[in-house]
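This report refers to the structure that appears directly beneath it.
The values are calculated or read from the model by the stated rules, or taken from the named source; none is laboratory data. Just so we're clear, the structure is a prediction, and the values are computed from it rather than from any experiment. Cβ coordinates were reconstructed from backbone atoms using ideal geometry, including for glycine residues, and neighbour counts include every protein chain displayed.
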Amino acid sequence: MKRCEAGPVVVWLVGAGARWTLVAQLVDGSVRLTPTTNPTPLLCRQMSLPEDELMHESFPYDAKYHQPDSVAAAGHCSQHGPDSCRETPVISFQDLHDRWQSGCQRALDELVARKEISPPRTVG
């Protein structure tokens with residue numbers, strides 16, 4: 001009950017070779033368990049983080065973030081792919097699967113609009 005005081009909590013009930021995902025919420029002094037239909041890692045993060053913390057941070061493009069033999073390290077937009085985008089990357093960021101990607105200005109605008117990443121912080 002104490003954990004629910006700050007907001008909803010994801011609960012995994014496991015037994016007899018099966019598992020169920022529930023959301024526990026404090027309602028009128030009691031814990032209410034509600035089954036979820038789509039248990040994903042993002043659901044677990046959404047229960048505990050404000051929306052702005054769900055977004056991945058982005059940084060001004062720097063090849064050091066990327067695997068040496070990757071499209072991103074070669075100075076191309078890995079978000080759109082080198083075959084469909086000839087723009088220079090302006091950002092480095094981790095995608096929803098925590099893989100480092102690079103993005104052109106169009107990718108930056110699209111990802112920020114979808115709230116997948118935050119704009120890069122400028123120094124100065």
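Worth pointing out:
- Top-ranked residue in the stretch 1-52 [being surrounded by 10 or more Cβ atoms within 10 Å (Cβ to Cβ), among the charged types (D, E, K, R) and assigned to a helix (DSSP H, G or I); ranked as modelled with the highest pLDDT]: Arg3
- Of everything in the stretch 59-111 that is in a loop (DSSP other than H, G, I, E, B) and of a type in the set (Lys, Arg), the residue that is farthest from the chain's Cα centre (by Cα) is Arg86.
- Residue that is farthest from Ile117 (Cα to Cα), among those in the stretch 55-96 that are in contact (Cβ under 8 Å) with a residue 40 or more places away in the chain, touching a Phe, Trp or Tyr at 6+ places or on another chain (Cβ under 9 Å) and surrounded by fewer than 19 Cβ atoms within 10 Å (Cβ to Cβ): Phe59
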